Amino acid sequence: MAVSVVAGLGNPGTAYEDTRHNAGFMLLDALAGEFGCSWARDRKFDAWVAAHHWHGRRLYLVKPRTYVNRSGSCLNGFCGYYKLAASSMVVVYDEINLTIGRAKISIGGSAGGHNGVADILRYFPNEFIRFRIGIGPKHPPEMELKDYVLGKLTARETEALSGNMKGFLDGVKLLIDTGPQAAMNRVNQRPRENTEADETRPTNREQETEHEDDREKKIPGHGDSGHAGA
């Protein structure tokens, strides 16, 4: 099925700008800029939405404003309203089990400890396409996972993501154009020198699933419905 919606995960507000957990927002902003479309707040779904005509079909870009760990409720409402199947949705999010600046496309699998993906899996069959952006493992390793993903990108990390942004955009556009299989063959290739270092260690997120309940940080003024997803 053709891609109809590309959703990027992140937390709204200036406090979360340039944090590792907002890699999905970063790519969506770059994609909207590439397409020349503007964001508009859609209060029905509590999201920023942009629309673009891509080779004769309508493509939606969505950034949920519900905080990362409530992303599923927003996307469920949006896709239900427009009658979009899970298999037509690409979800862009940060991945600590990929080296900084790498990307990987996949379908299926577990949430891997990512609360945003876990929430999406509450509402959707496991058929949506995942576009994961590497933010690298925790450093130092003993750091709490929530502190790492909600931390600001370092200058080196910012340079790595910015330097690879064109490749990320090309990968998403290839995915929209050709579907997941052809895009996987291109995007998922790894440089030879990284094949042993990348994705060989136990996943930090899976090791730390016992901390997931502690990752929600209440935002003043939002009551029980407002949380910062980690």
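The values are calculated or read from the model by the stated rules, or taken from the named source; none is laboratory data. All values derive from a computational prediction rather than experimental measurement. All Cβ positions, even for glycine, are placed from backbone atoms using ideal geometry, and neighbour counts span all protein chains on display.
Number of residues in the range 1-24 that are crowded, with 20+ Cβ neighbours inside 10 Å and acidic (Asp, Glu) equals 0. Is there a residue in the range 200-213 that is at pLDDT below 50, farther than 30 Å from residue 58 by Cβ, crowded, with 16+ Cβ neighbours inside 10 Å and acidic (Asp, Glu)? Yes: the range 200-213 contains one or more residues that are at pLDDT below 50, farther than 30 Å from residue 58 by Cβ, crowded, with 16+ Cβ neighbours inside 10 Å and acidic (Asp, Glu). Scanning the range 4-19 for residues that are under 21 Å from residue 96 (Cβ atoms) and either part of a strand (DSSP E or B) or out of contact with any Phe, Trp or Tyr (no Cβ under 7 Å at 6 or more places or on another chain) (or both) yields 7, 8, 15, 16, 17, 18, 19. What number of residues within the range 25-47 satisfy the criterion of being part of a loop (DSSP other than H, G, I, E, B) and crowded, with 18+ Cβ neighbours inside 10 Å? Within the range 25-47, residues that are part of a loop (DSSP other than H, G, I, E, B) and crowded, with 18+ Cβ neighbours inside 10 Å number 2. For the range 55-85, taking the residues that are more than 16 Å from residue 117 (Cα to Cα) and either charged (D, E, K, R) or free of Cβ contacts under 8 Å to residues at least 40 places away in the same chain (or both), the one that is surrounded by the fewest Cβ atoms within 10 Å (Cβ to Cβ) is identified as 56.
Residues considered: 173, 166. Of these, the only one that is at pLDDT 95 or above and surrounded by 14 or more Cβ atoms within 10 Å (Cβ to Cβ) is 173. Applying the condition of being among the basic types (Lys, Arg) and surrounded by 17 or more Cβ atoms within 10 Å (Cβ to Cβ) to the range 109-144 and asking which residue is farthest from residue 10 (Cα to Cα) yields 138.
From the list 65, 58, 43, the one residue that fits, being under 14 Å from residue 5 (Cα atoms) and among the charged types (D, E, K, R), is 58. Only residues that are over 14 Å from residue 152 (Cα atoms), small (Gly, Ala, Ser) and in contact (Cβ under 8 Å) with a residue 60 or more places away in the chain were counted across the range 1-47, and they come to 6.
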